[in-house]
Amino acid sequence: MSSNSRRTAPPQAHMAIDWVAGHGSVSAPVAMATTAAAVASAGAWAGMPSGWPLAVGVVGAAAHGVGVGIRRRLSRPSLAVRASAWLAASGWSCAVIATDPTTWSSTGWWTALGTLVAISLGAGAGLYQADVHEEAVDEERRAMQAAMAEAEIRRHDWAVVDHWVGIIRAVAQVDAAPVGYAPRPDGSGFGLEITLPVGYPSARLQAYGTSLAEAARLPVGCVVAISAARRQGHVILDVDTVDPATRTTEFPDVWTPLTINGGLPWGTDRNGEKLAVFLREACALILGPPGTGKTTLLDAIMAAFLRTTDTIVFGIDVGKSGDAFAPWVTPWAEGQGLVTPRPGTLRLPNTTRSGVDWVASTLAEADLMLDALINIGERRLTEYRGLMRDQDTKLLPISATLPMIFCVIDEGAEMLAYQGIDPLRSRVKDKIVKVMRTLRAMGIRLILTATDGNLSSLGDSSVRKYSPVRVALTATDPEGAGTAKLFGMVRGLDARQLRAKGSGVIGASTDPGFAPQAFRTWVTAPSLARTAVLATQEWRPVLDAPSAEAAGDAYRDRWAPAKLTWLTGEEPGDVSPPGAPAPSPVQGADQGDFRSRLRIRGEQQATAVPQPGTPAESADDATISEFLTALGKLPEAPEPPVIRGLQLNIRGAAQAPEPEQDWKSAAHRAVLEAGAWVGTSAVLAILEGRGITVNRSTLATELSAMARRGEIAKRGTGPQTEYGAPE
């Protein structure tokens, strides 16, 4: 047969091939074999060109196999099987026409028939598997759409959800189904809740947080925080899409009253929402190397305390001599005329109250404050036992008339880590632990800050044990050491990515509380303390009368001029004239201790200095004159000998020592006169006993310099360094 006489195969043949390629059923191989044989026979009888069926097959594979499959949203394996069916059937027809079946022998017929059967069976098996796969994909798609509809996920969010479900499957090898999706209001990320299959624990998925962030190619600084949902078997992925370092949140200008019995805002969570901490029964431990935003966090904590109607704040800052609390006391000091207001700022009235009720800037004052807290706890236990019985509770009912006392200790680890022989420092350390351990029910709690969380730095394992609220700031902690020391291994959170200043990990084992999670402090201005003090002074409470009485003279005299030199920078004798009463930080308020003020006034009148011209003063002047005259007639005595390394005091131990003017000379004398090896803490205590205040690090540097010059001897290194007289 000549090629000129060949005609095109009937279109019914290609329709049959398309039917075979689009339906993976049991009859597909038979239909495919019958159709291919019919096309080959018709082509050979009509004299068609041998390549014509193949060309038609290519067009059919592209149009019906691929085009229609894409329109039906079939998967790639299904598209490949459909196209292959077209090409296989067309190829077999081309081969039959090209070899002219009229010239075949019996072997040729059997070969062609066997080839057709093999092609048909292979195509049928492929189509069947494609149908099974499409049914599974379709069921999965319908289930996902139903879950999204149930979770009210909008259609334009499906792409994000579907993308992350695919990432989870690829990374964690788990078939997770979405049940909730919530984008953040500021567009910085989203939350995705998924359900896990039976037998797959949520803790296992939490280990893939870093891998998921890397697989999604998130910007550096963005984390995938994985936490358990309220229903077991469900987890929530909190995903950052914007680096937190590029986002800052100003401190909210809200000054409505709060209560310590509720949550106090400390910062924001990863969603930018306020993170509330419940502190009625909890001490708190805050770790933060320099530059992490620890001072900013303390500002937010202090502002939250001032907003409460039932909390009083004490402060201990020995390392910086009270400087951490100076902004919270300065408004009151301005009203009392002790501090000059800034240029362009009006002086506040004398009714302005202090934001901190008591500040200890020295170890001796801290010792008195801790004694007062312990005494208050013991007095409250007996004074309010009937009140607790009436209200059927073992916790002191905190209210505006019976306030909570929070003592904030800045760099408290420096006092807790002391291991020397100085009795004052040892007492302060033991009392801090005692307050944490025993005064929870009586409404007295502590907040301690520290640079490091090692046991050698905290001094006592009780500090972590009795601090259910823990914060680890991580901006300058690339290894995440603080997080590991406070929380161990935090699953589902890579703390090393929290590099922005003010970022960290916070956890609260309170009721209610929350698992360790990432958080961010607010950005605060230096004027926050002044604003908070003025905005909250109308409702801030005062210490109840039994507690004030139990605190004793140390609490009554806490604002004496001699104790305010850390704030005013003046010598004690220059702060106010002799006999002047100590100003009260709560003037204009109903303190509830009127009898104490009357007692103070009576003592001051009883000890007043006699006025000039009185008989008492004249008699004293005559006696002094006679004594000076007799003293002048005595012969002068030679100066006492000075032995190298030791100065003898031959005037007697009963004579009061003269005040030291040069702290370096006083430190040198303290080491030489000690008679034993002493550490930096012991020398610091001796200087404080003589009325000399010096920074501990400055003193340690000067003692080391004296040792290098040979003026004193030195032994040991680090915290065990001790000094003594040179041999």
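Within the stretch 202-218, restricting attention to residues that are in contact with a strand residue (DSSP E or B) (Cβ under 9 Å, 6 or more places away or on another chain) and of a type in the set (A, V, I, L, M), the residue that is most open to solvent (accessible area, probe 1.4 Å) is Ala207.
Where residues in the stretch 250-260 are in a loop (DSSP other than H, G, I, E, B) and buried (at least 16 other Cβ atoms within 10 Å of the Cβ), which of them is modelled with the lowest pLDDT? Here the answer is Phe251. The one condition from (1) open to solvent by 10 Å² or more (accessible area, probe 1.4 Å); (2) under 25 Å from Leu564 (Cα atoms); (3) part of a helix (DSSP H, G or I) that Glu411 does not meet is (3). Within the stretch 485-511, the set of residues being of a type in the set (Gly, Ala, Ser) and within 16 Å of Thr292 (Cα to Cα) comprises Ala495, Ala500, Gly502, Ser503, Gly504. Residues that are among the charged types (D, E, K, R), at pLDDT 85 or above and open to solvent by less than 60 Å² (accessible area, probe 1.4 Å) within the stretch 219-249 comprise Asp238, Asp240, listed in sequence order.
Give the residue that is surrounded by the fewest Cβ atoms within 10 Å (Cβ to Cβ), with candidates limited to residues of the stretch 495-552 that are assigned to a helix (DSSP H, G or I) and among the hydroxyl-bearing types (Ser, Thr, Tyr). Looking at residues that are assigned to a helix (DSSP H, G or I) and among the hydroxyl-bearing types (Ser, Thr, Tyr), I get Thr531. Of all residues in the stretch 264-287, those that are in contact (Cβ under 8 Å) with a residue 40 or more places away in the chain and not in a loop (DSSP other than H, G, I, E, B) total 12.
The sole residue among Leu687, Leu703 that is open to solvent by less than 20 Å² (accessible area, probe 1.4 Å) and farther than 18 Å from Gln720 by Cα is Leu687. Among the residues of the stretch 294-312, those that are open to solvent by 10 Å² or more (accessible area, probe 1.4 Å) and either closer than 14 Å to Phe251 by Cα or of a type in the set (D, E, K, R) (or both) comprise Lys294, Thr295, Thr296, Leu298, Asp299, Arg307. Name every residue in the stretch 326-342 that is under 23 Å from Val428 (Cβ atoms) and open to solvent by 10 Å² or more (accessible area, probe 1.4 Å), in order of residue number. Ala326, the sole residue that qualifies. Scanning the stretch 416-438 turns up no residue that is surrounded by 22 or more Cβ atoms within 10 Å (Cβ to Cβ), among the small types (Gly, Ala, Ser) and in contact with a helix residue (DSSP H, G or I) (Cβ under 9 Å, 6 or more places away or on another chain). With the checklist (1) open to solvent by 10 Å² or more (accessible area, probe 1.4 Å); (2) farther than 12 Å from Val408 by Cβ in hand, flag the one item Leu287 doesn't pass. With (1) open to solvent by 10 Å² or more (accessible area, probe 1.4 Å); (2) farther than 12 Å from Val408 by Cβ applied to Leu287, the lone miss is (1). Output the residues belonging to the stretch 451-475 that are open to solvent by 10 Å² or more (accessible area, probe 1.4 Å) and at pLDDT below 80. Correct list: Asp452, Asn454, Leu455, Ser456, Ser457, Gly459, Asp460, Ser461, Ser462.
The values are calculated or read from the model by the stated rules, or taken from the named source; none is laboratory data. As the structure is a prediction and not an experimental result, all values here were calculated from the model. Neighbour counts are summed over all protein chains in view; Cβ atoms, including those assigned to glycine, are modelled from backbone coordinates with ideal geometry. Heads up: the accessible areas ignore ligands, DNA and RNA and are worked out on the full protein's heavy atoms, side chains in. Shrake-Rupley method; radii C 1.70, N 1.55, O 1.52, S 1.80 Å.
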